[in-house]
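Asker: Input: one structure, supplied below.
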Amino acid sequence: MQNSSPESPANTPIPDIKRRVEEIGVFFEQTSLTPTEARVFALLLLADPPEMEFFAIQEFLQASKSTISNAIRRLMDEGRIDYITKPGDRKRYFRVSGEKWLGQMREGLAKLGPFIRTMNKVIELRQGTGSSEFNQELEEIKDYFLFLKEELPILQEKWDERKRAQQAE
């Protein structure tokens, strides 16, 4: 099963890569990815070089073409991966898109405002119901996300300052 082509993760310095892909894949399943999407993403995070062509992914994961194709399509739609081409090679090589993935996470955080407004509406509509314990839980959830919304811009500025300092070095 281990293939020594350049796009194979068999060349990676990561020992026992199959087990590592599985471990990391299990984590990513908990972030709303299907099992195959999670394994493809984990594989691309660990592959060295950090891109793989379709059939190498399929061979490594031992999954059908349609299963791998659907997983890659969804990961691309979500902005987690993209592809590159190489001169003189008609294949597409898939890789994790750090920039797009970070952008996707930032977009998720940008939804905090609408989420908080929705929670405020829910809490308002639930006033006077006989479920005060549940209403308090909803209030705590809303307060937590309000805290994040207030603190994240401060953390973002610290991050931006750190990146500027690193670039200036």
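Since every read-out is calculated from the coordinates, none of them should be taken as a lab result. Computed from a predicted structure; not experimentally measured.
Asker: Taking residue 86 as the anchor, which aspartates and glutamates have their alpha carbon closer than 19 Å to its alpha carbon, excluding any fewer than eight residues away along the same chain?
Answerer: 7, 48, 51, 53
Asker: Right, something else. If each Cα of the range 111-168 is one equal point scatterer, what is log10 of I(q)/I(0) from the Debye formula at q = 0.18, 0.21 Å⁻¹?
Answerer: The computed values of log10 I(q)/I(0) come out as -0.66, -0.78.
Asker: May I ask you to derive the relative contact order of the chain, considering only C-alpha pairs under 8 Å and at least 6 residues apart, and to give it as an integer percent?
Answerer: So the answer I get is 15 percent.
Asker: Now, a different point. May I ask for the percentage of alpha-carbon pairs in the range 9-97 that lie more than 19 Å from each other?
Answerer: Taking all Cα-Cα pairs of the range 9-97, the fraction more than 19 Å apart is 32 percent.
Asker: Here is a further query. Given the Cα atoms of the range 75-125, and with Rh set as the inverse mean 1/r over their pairs in the Kirkwood sense, what is Rg to Rh to two decimals?
Answerer: 1.35
Asker: Would you mind checking 142/163; 65/111; 111/163 for any pair whose Cα atoms are more than 26 angstrom apart?
Answerer: Pairs exceeding 26 Å: 142/163; 65/111.
Asker: Using only Cα atoms, find the angle between the long axis of helix 17-29 and the longest principal axis of the chain, and express it within 0 to 90 degrees, rounded to the nearest 10.
Answerer: That works out to roughly 20 degrees.
Asker: Which number comes out as Rg/Rh for the chain once both Rg and the Kirkwood Rh are worked out on C-alpha atoms?
Answerer: My calculation of the ratio gives 1.12.
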